[in-house]
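Novice: The structure under discussion is supplied below as structure tokens; questions concerning it will follow.
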Amino acid sequence: MSASTNTRMQPGSTVLWEKGDAAGHDALGTRTFGFWLYMLTDAMVYAALFAAFGVLAHNAGLTSKSMLASVFDAQAAYRDTIVLFASVLAYGYAMVALKKGSRTGVAIGIIVATILGVIFLNMVTGDLEHLFSQGVVPQLNGFLSIVFTLVIYHALHIVVGVLWMLVMLMQMGRDGFTSNVVYRLINLRIFWHFQAVIWVFLFVFVYLQGKVI
Amino acid sequence: MFVHLQGPWNPVWGRLSLQAIPYQNPILVGTFLFAMIAALAIVGAVFYFRAGPYLWREWFTTVDHKKIGVMYCLLGLVMLFRGFIDALMIRSQQAMAVGPHSPGYLGALHGYLTPFHIGQVYTAHGLIMVVFAATPLLVGIMNIVVPLQIGARDMAYPYLNALGFWLTAAAAALVMLSLFVGNFAHGGWYGFLPYFELPYSPGVGVDYWMWAFQLSAIGTTMGSINLIATIVKMRAPGMTWMRMPIFTWASLSTNLIALTSFPVLMVSLALLGLDRYFGTHFYTAGQGGNLMLYNDLFWVWGHPEVYFLILPAFGMMSEIIPTFSEKTLFGYATMVVASFAIGGVSWGVWLHHFFTMAAEPSVNSFYSVTTMLVGIPTGVKVFNWIFTMYRGRVRFELPMLWALLALFLLLVGGMTGMMNAFAASDYMWHNGVFVVAHFHMMVLLIASSIFGAVEYWFPKVFGFKLEQRWGKWFFWFMVLGTAWVFVPMFILGFAGMTRRLDYVPVTQWAPYLRVMLVGMAFYVVALGFFVAHLYVSLRDRMKNRVGADPWGTTRNLEWMTHSPVPAYNFAFIPRVHARDEWAWRKEHGMANLGNESFEDIHMPRNTGVPVLLGALSFALCFALVWRIWWLAAACLGLVVLVIILRSFARKTDEVIPATTVAGVERAAQDALASPARG
């Protein structure tokens, strides 16, 4: 029973229908909200992958972990971390410029972020190639399968992010700060920060873990 | 890079060759002929009526949530039929192949299906019924009803909505194609590791299963993002959380489950894919793989998925029962809490799918208790429905009959579910048909709710009621079939019969299996009545035309606009004053829909991109199944390219001018005033 059934109403003055189109819906907020939901699904994918990592590491026992420590270069990964975080920082400055409405500022920030992203990718690919050439491949055992899957899945996200930034540069050049461009820039920020967060987990679990033990 | 395959492969056709077409199997040839005749009839009709441009313009490229919902439902219905045929084959095979002296036909030792063939049949039956029949039907109904119930003009992301549908359709097409090109997995719908690994299942069956599953999972995840954002962001002014209709609440809860669980399914399947294509060792028997990892990941999705299916069904019952009891829903707040409690608990029960697989007693006990916890919120819901009917003016119209059947099935399924929740007794009937009978009670509950919901909301979408006479025959024969198939199945479960048998070794079970076959005959008759029900309804559609509120005692926002609903849903966005707004307006004498001085309405513009992406995904998965690398690479590249190009589109919406709105509104009023109304 709805409580308001009992309230006294004046039919003449009750507003039954709204005027205007979207009736207070916030288009930008809706777009960003949906993107957060998407990020949640991606977080679940990573959660499942890290769970698999836990299971397969347990399976492999300590031998694989010490192998991990001997083959994965934590110092190189630290270098990767700095580059990726610098890229995120550059993108952050682009967003500061967006608040000021400066197209040049946004463009410079994104270009720097893109270049750093490409450098990151280059470094990760180099690391992987080095490992592959030494015969450390995902096909070796279950533990290495999940380690490489995690690293490569993350790198694929960086590829998508770099592509997205290039697209945004073009759209910004063509349209300026239309609502489409703005919400995409905001969503890209969420995406890019998220990849940095995931990298922290990767760094800890893949590159550092063997060292600690 | 890729795993080296045994057997022929060439760069152009991959593994595809003429041998992939099973022309030596008369059953499949017959199916193929049937499918071809049906397809020719449909294509012929499209050409004869010159309906192609109309279909393309109004349906294939649509971003209208109602039309997408209708297409979801049609897809679900077609796949329901396919799944039913599979069930018919399983039941008839088991009725024939009993005991060592039972005859064999068509190359089978007993019965008429070889073990390989019936394996594919039950795998397809399970996958299709869960993923391609129930899910599209439920998503379709949510798609249609939720925006209407919250007073929105469309979903939050209409383009994504269409994309989700076309991906699901592509996945369904992939399953259907496996009938005629290659074969399907034959190890059960939820996968069976390490049997599904490449060395043991080198054929394309597992690949078909995997990619179809994966594609539909992506589609459903997109749909869930869309529905959640729609419910959170697009509600009409005045619709606070606790004024939301219960079906919308149920949709929110169920899509939160989908949002969080489907990604896990994607991972479980993707890791299998890496094993099969790249030779990694996630689930292999040796080299550090872990097959239990698959079971856990899969059922971490699998059990929430069950509640993903059942919560909207509960929501439908919660809409139908108040309407036909002429009362408001009893215990609204507890219904909301119960929906979310079920959604929450769903995450902590998955291990009960494999109690027997070497978990410690403490672990089994934990999952046993959490499973029983599900009974509490479900019980709350059952009592709420009963108290809603208590002292109501209950009208036994078709939607109500279906809802009541669902309630009874929930009792049977729920009680047996509690029995299954005991880990100790589960050891007795694990993988037995007792469990099968239990979850069929639950999915038939879902099916009943869906039929009820279709009867209930059909007039809203199409503007005329379905007739009642044939519909009631259909209903009662479904009841008969259910009783005759599943009561013996429960008995056989206690007798120790295991599931998925291609041959039944115990001759004493023959009578029960034959009774089940009689039940299947009732289902076939029911199918006939269903067709008659549809035919008569369509024939008499002008006689059964209805206005905004066809049942007279409806309560929510969706009944405040014309039937059929105009493209823009509401000429004016309603302002909400109460829970059960429409009932409130009727009580206060404000039930007139009339309003003049129409305004322009912005709507999203139709686009062919989702169809294109669906087609490309279909080709991509087909290429991956047959390992045609050039095609797969091309399709993947095109998908990325199309997505990027689409993001450059400027004109993604259009304006419906006020004059058009006025015309549509007037026509709807006039149609009601015409004497043809029944």
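Novice: Restricting to the stretch B:200-244, count the residues that are of a type outside the set (S, T, N, Q) and over 22 Å from residue B:172 (Cα atoms).
Specialist: Number of matching residues: 17.
Novice: Criterion first (assigned to a helix (DSSP H, G or I) and under 19 Å from the mean Cα position of the chain (by Cα)) does residue B:442 satisfy it?
Specialist: When the stated conditions are applied, residue B:442 passes them.
Novice: Any residue in the stretch B:453-473 that is touching a strand residue (DSSP E or B) at 6+ places or on another chain (Cβ under 9 Å), touching a residue at least 12 places away in the same chain (Cβ under 8 Å) and part of a loop (DSSP other than H, G, I, E, B)?
Specialist: yes
Novice: Assess whether residue B:270 counts as being assigned to a helix (DSSP H, G or I) and in contact with a helix residue (DSSP H, G or I) (Cβ under 8 Å, 6 or more places away or on another chain).
Specialist: On the way: assigned to a helix (DSSP H, G or I): yes; in contact with a helix residue (DSSP H, G or I) (Cβ under 8 Å, 6 or more places away or on another chain): yes.
Yes.
Novice: Right, here's the next one. For residue B:463, only one of the following conditions fails: (1) at positive phi; (2) buried (at least 23 other Cβ atoms within 10 Å of the Cβ). What is its number?
Specialist: All conditions pass for residue B:463, except number (2).
Novice: With a cut-off of at least 3 residues that are closer than 30 Å to residue B:198 by Cα, name the helices (runs of 4 or more DSSP H) lying wholly within the stretch B:291-374.
Specialist: B:291-325
Novice: Since residue B:299 meets every condition but one in (1) within 9 Å of another protein chain (Cβ to nearest Cβ); (2) in contact (Cβ under 8 Å) with a residue 24 or more places away in the chain; (3) touching a helix residue (DSSP H, G or I) at 6+ places or on another chain (Cβ under 6 Å); (4) surrounded by fewer than 24 Cβ atoms within 10 Å (Cβ to Cβ), which condition does it not meet?
Specialist: It fails just one condition, (1).
Novice: Could you give every pair whose Cβ atoms fall below 8 Å, whose first residue belongs to the stretch A:28-56 and is in contact (Cβ under 8 Å) with a residue 40 or more places away in the chain, and whose second residue is not in a helix (DSSP H, G or I), counting only separations of at least 6 or pairs across chains?
Specialist: Qualifying pairs under 8 Å: A:52/B:282; A:56/B:282; A:56/B:288; A:56/B:289; A:56/B:290.
Novice: Here's another thing I want to ask about it. Could you tell me which residue of the stretch B:239-287 is farthest from residue B:559 (Cα to Cα), considering only residues that are β-branched (Val, Ile, Thr) and within 22 Å of the chain's Cα centre (by Cα)?
Specialist: B:267
Novice: Something else now. Exactly one of these conditions fails for residue B:292: (1) surrounded by fewer than 21 Cβ atoms within 10 Å (Cβ to Cβ); (2) at positive phi. Give me its number.
Specialist: Just one mismatch for residue B:292, condition (2).
Novice: Also, quick follow-up: Just one of B:240, B:323, B:284, B:248 is within 9 Å of chain A (Cβ to nearest Cβ) and out of contact with any Cys (no Cβ under 6 Å at 6 or more places or on another chain); which is it?
Specialist: B:284
Novice: Do any residues in the stretch B:631-653 that are within 9 Å of chain A (Cβ to nearest Cβ) have Cβ atoms under 7 Å from those of residues that are assigned to a loop (DSSP other than H, G, I, E, B), where the two are at least six apart or on different chains, and which pairs are they?
Specialist: Going by the 7 Å Cβ cut-off, the qualifying pairs are B:652/B:605.
Novice: Looking at the stretch B:35-55, can you tell me whether even one residue there is within 30 Å of residue B:111 (Cβ to Cβ) and touching a residue at least 40 places away in the same chain (Cβ under 8 Å)? It would help to see each step written out before you state the result.
Specialist: Step one: of the stretch B:35-55, the residues within 30 Å of residue B:111 (Cβ to Cβ) are B:35-39.
Narrowing the set further to residues that are touching a residue at least 40 places away in the same chain (Cβ under 8 Å) leaves B:35.
Looking for residues that are within 30 Å of residue B:111 (Cβ to Cβ) and touching a residue at least 40 places away in the same chain (Cβ under 8 Å), one finds at least one in the stretch B:35-55, hence yes.
Novice: Moving on to the next point. Of the residues B:259, B:198, B:265, only one is in a loop (DSSP other than H, G, I, E, B) and within 14 Å of chain A (Cβ to nearest Cβ); which?
Specialist: Exactly one residue qualifies, and that residue is B:198.
Novice: Another question, if that's okay. Considering each of B:74, B:16 in turn, give the residue that is of a type outside the set (Lys, Arg) and part of a helix (DSSP H, G or I).
Specialist: It is B:74.
Novice: Hydrophobic (A, V, I, L, M, F, W, C), at the interface with chain B (Cβ under 10 Å from one of its Cβ atoms) and surrounded by 13 or more Cβ atoms within 10 Å (Cβ to Cβ): does that describe residue A:169?
Specialist: Answer is no for this residue.
Novice: Let me ask you something else. Could you tell me which residue of the stretch B:587-611 is surrounded by the most Cβ atoms within 10 Å (Cβ to Cβ), considering only residues that are within 11 Å of another protein chain (Cβ to nearest Cβ) and at pLDDT 85 or above?
Specialist: The qualifying residue surrounded by the most Cβ atoms within 10 Å (Cβ to Cβ) is B:601.
Novice: May I pose another question? Given A:60, A:94, which one is at pLDDT 95 or above and surrounded by 16 or more Cβ atoms within 10 Å (Cβ to Cβ)?
Specialist: Among A:60, A:94, only A:94 is at pLDDT 95 or above and surrounded by 16 or more Cβ atoms within 10 Å (Cβ to Cβ).
Novice: Examine the stretch B:507-528 for a residue that is touching a residue at least 60 places away in the same chain (Cβ under 8 Å), buried (at least 16 other Cβ atoms within 10 Å of the Cβ), β-branched (Val, Ile, Thr) and closer than 24 Å to residue B:105 by Cβ, and state whether such a residue exists.
Specialist: Taking every residue of the stretch B:507-528 in turn, none turns out to be touching a residue at least 60 places away in the same chain (Cβ under 8 Å), buried (at least 16 other Cβ atoms within 10 Å of the Cβ), β-branched (Val, Ile, Thr) and closer than 24 Å to residue B:105 by Cβ.
Novice: If we keep just the residues of the stretch B:536-581 that are without any contact (Cβ under 8 Å) to a residue 40 or more places away in the chain, of a type outside the set (D, E, K, R) and surrounded by fewer than 19 Cβ atoms within 10 Å (Cβ to Cβ), which is nearest to residue B:65 (Cα to Cα)?
Specialist: The residue in question is B:538.
Novice: Of all residues in the stretch A:152-166 being of a type in the set (A, V, I, L, M) and away from chain B (no Cβ under 13 Å), which is farthest from the chain's Cα centre (by Cα)?
Specialist: A:155
Novice: Within the stretch B:608-625, is there a residue that is assigned to a loop (DSSP other than H, G, I, E, B) and within 30 Å of residue B:213 (Cβ to Cβ)? Break it down into steps so the answer makes sense when it comes.
Specialist: Of all residues in the stretch B:608-625, those assigned to a loop (DSSP other than H, G, I, E, B) come to B:608.
The next check asks that each one be within 30 Å of residue B:213 (Cβ to Cβ); those that pass are B:608.
Scanning the stretch B:608-625, I find at least one residue that is assigned to a loop (DSSP other than H, G, I, E, B) and within 30 Å of residue B:213 (Cβ to Cβ), so the answer is yes.
The values are calculated or read from the model by the stated rules, or taken from the named source; none is laboratory data. Because the structure is a prediction, the values reported are computed rather than measured. Reconstructed Cβ throughout: ideal geometry from the backbone, glycine too, with neighbour counts over all protein chains shown.
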